[in-house]
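S.K.: Sharing a structure, written as structure tokens. Questions coming.
The values are calculated or read from the model by the stated rules, or taken from the named source; none is laboratory data. Everything quoted here is computed from the prediction, not taken from an experiment. Note that we place each Cβ from the backbone using ideal geometry, even for glycine, and neighbour counts take in every protein chain shown. In case anyone asks, the SASA skips ligands and DNA or RNA and just uses the protein heavy atoms, side chains included. Shrake-Rupley method; radii C 1.70, N 1.55, O 1.52, S 1.80 Å.
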Amino acid sequence: LARNAIFKELKEYVLSEALKGCAQAIKETGKSPAFEPITLSSVLNDRISKHLTKQFKDIRDKLKNAKTREERERAFDVSEYRLRFLIDHVTSKAYWYAYVKMASAIGVKKVRVIFNKGSDDKKEHDSIIDTKNFSLDDIPAFHPYCKCTMEVKQR
């Protein structure tokens, strides 16, 4: 029940962030699409579901093996920390996913990743994203609490 409730709330939060990403692309380009292109990718929902299922399995395993009250409390403390990472990561992905999709619908062919200074993300990811051909792994957030952003690529 807890997993399903968290999944439902997280999906709503992800949708809210996706709409903000759409609005940002429209603001940056000054254009609106002829249609609403954004439906949240099943890939995002699958990612959320997979991570939540794993987290709740880990909690169950830790509780099953806990011998003391402290060990049981620690199982929940660690899970809370991991859930915060998940929420930050997935909502950021939703924002940038919607941003790129909206940019594509407006007619923008490329967007630029603005890498956070001091991070190694630039070594591992392309700085230019093709709006018609990208995956979730191509866009920020590249890791929890990633501060990389994106912008419409100017000619």
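S.K.: Scan segment 5-31 residue by residue and report those that are of a type outside the set (Val, Ile, Thr) and in contact with a Leu (Cβ under 9 Å, 6 or more places away or on another chain).
M.R.: Correct list: PHE7, LEU10, LYS11, LEU15, ALA18.
S.K.: Against the condition of a type outside the set (A, V, I, L, M, F, W, C) and closer than 23 Å to GLU12 by Cα, how does HIS89 come out, does it pass?
M.R.: In short, yes.
S.K.: Just to be sure I understand, how many residues within segment 131-155 are among the aromatic types (Phe, Trp, Tyr) and in contact with an Asp or Glu (Cβ under 8 Å, 6 or more places away or on another chain)?
M.R.: 2
S.K.: Considering each residue of segment 128-155, count those that are open to solvent by 50 Å² or more (accessible area, probe 1.4 Å) and more than 16 Å from the chain's Cα centre (by Cα), and give that number.
M.R.: 8
S.K.: Taking the condition of being touching a Phe, Trp or Tyr at 6+ places or on another chain (Cβ under 6 Å) and in contact (Cβ under 8 Å) with a residue 24 or more places away in the chain, how many residues in segment 115-133 meet it?
M.R.: Total satisfying the criteria: 1.
S.K.: Given the conditions (1) hydrophobic (A, V, I, L, M, F, W, C); (2) open to solvent by less than 50 Å² (accessible area, probe 1.4 Å); (3) closer than 22 Å to SER135 by Cα; (4) assigned to a helix (DSSP H, G or I), and given that LEU83 satisfies all but one, which numbered condition is not satisfied?
M.R.: All conditions are met except number (3).
S.K.: Which numbered condition in (1) modelled with pLDDT under 85; (2) more than 17 Å from the chain's Cα centre (by Cα); (3) within 20 Å of ARG47 (Cα to Cα); (4) open to solvent by 80 Å² or more (accessible area, probe 1.4 Å) is the only one that GLY118 fails?
M.R.: (3)
S.K.: Of the numbered conditions (1) open to solvent by less than 90 Å² (accessible area, probe 1.4 Å); (2) in a helix (DSSP H, G or I), PHE76 satisfies every one except a single condition; which is it?
M.R.: So the condition that PHE76 fails would be (1).
S.K.: On to the next question. Does ASN45 fit the bill of being open to solvent by less than 60 Å² (accessible area, probe 1.4 Å) and either at pLDDT below 85 or farther than 19 Å from TYR145 by Cα (or both)?
M.R.: Spelling it out, ASN45 is indeed open to solvent by less than 60 Å² (accessible area, probe 1.4 Å) and either at pLDDT below 85 or farther than 19 Å from TYR145 by Cα (or both).
S.K.: List the residue pairs whose Cβ atoms are under 8 Å apart, where the first residue sits in segment 95-110 and is more than 15 Å from LEU19 (Cβ to Cβ) and assigned to a strand (DSSP E or B), the second is modelled with pLDDT under 90 and open to solvent by 40 Å² or more (accessible area, probe 1.4 Å), and the two are 6 or more positions apart or on different chains.
M.R.: LYS110/LYS153
S.K.: Another question about this same structure. Give me the pairs: first residue in segment 42-68 and on the phi < 0 side of the Ramachandran plot, second residue of a type in the set (Phe, Trp, Tyr) and assigned to a helix (DSSP H, G or I), beta-carbon distance under 6 Å, and six or more apart or on different chains, which are they?
M.R.: LEU52/PHE7
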